[in-house]
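Please read the structure below before turning to the comments.
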Amino acid sequence: MTKVQRRLFIRSMAAGAAGGLTGWIQQALAAAEPKSLPQGIIEMKGDVSVNGKPVHKGEHVGPGSVVETSAGAHAVYVIGDNAFLQRQNSRVDFGDSAATFMRILTGGLLSVFGKGERRLSTPTAAIGIRGTGCYIETDEHKSYFCLCFGAVDLQPVNGQPSSYETTHHEKPLWIEGGMTRPAKVINHTDAEVIMLEALVGRRSPFPPSKSGRY
């Protein structure tokens, strides 16, 4: 996708989905419009810190960063060909390699990733993903995991591993005490996944008949 095509695509997507998008998502789409898409924090609200220091829109986030959001805050940021929407009261530690890509310690994070394998973790699971979009919410004892699309190798702490693929949120799970159980799709939407993919110049892989369902 060329820069001009990307700009037109983002404009058309924002127009088509405006009825279902909150104002801050529309602002994030607008932030993606310049000729070269920036890295780092694209949009934010409230108190956001990186490595313990307050930050503002446009500041760098990368390997080794610890991103934290306070109550009522959120942040949209880009690292390479990966994009993230971090919810309030969340802490995410980014490692320095694909093998230790990131650890979600608490709170919620919606992520879309470029090609290749990456290792994620929460207090209750190790997660190997490939070309994936996923949403995670976690605390010390329980994690919610939705593989929005792509492939995953899931290893609950003290539990049995499993591998599966999805195309559109087919298998959300709760992970607790080494066990998994089915869940519903919560606290993330197709519009948000599409927005993150647009920020890194990709179209959503969702089947056209299902896009916008959530």
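Overview of results
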quantity	calculated
Some residue of region 181-195 being open to solvent by less than 50 Å² (accessible area, probe 1.4 Å) and under 20 Å from SER121 (Cβ atoms)	yes
Qualifying residue in region 103-115 (condition: farther than 15 Å from GLU137 by Cα, of a type outside the set (A, V, I, L, M) and touching a residue at least 60 places away in the same chain (Cβ under 8 Å))	yes
Given (1) at pLDDT below 95; (2) surrounded by 20 or more Cβ atoms within 10 Å (Cβ to Cβ), index of the condition SER211 fails	(2)
Cβ-Cβ under 9 Å pairs, at least 6 apart or on other chains, region 43-72 side free of Cβ contacts under 8 Å to residues at least 12 places away in the same chain, far side open to solvent by less than 60 Å² (accessible area, probe 1.4 Å) and β-branched (Val, Ile, Thr)	PRO54/VAL48
Residue within region 69-81 that is open to solvent by 40 Å² or more (accessible area, probe 1.4 Å), part of a loop (DSSP other than H, G, I, E, B) and either hydrophobic (A, V, I, L, M, F, W, C) or modelled with pLDDT of 95 or more (or both) present	yes
Some residue of region 151-168 being touching a Lys or Arg at 6+ places or on another chain (Cβ under 9 Å) and β-branched (Val, Ile, Thr)	yes
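The values are calculated or read from the model by the stated rules, or taken from the named source; none is laboratory data. Since this is a predicted model, take the numbers as computed values, not measurements. When we count neighbours, we look across all protein chains shown, and the Cβ atoms used for this are built from the backbone with ideal geometry, even at glycine. What goes into the accessible areas is simple: the full protein's heavy atoms, side chains included, and nothing from ligands, DNA or RNA. Shrake-Rupley method; radii C 1.70, N 1.55, O 1.52, S 1.80 Å.
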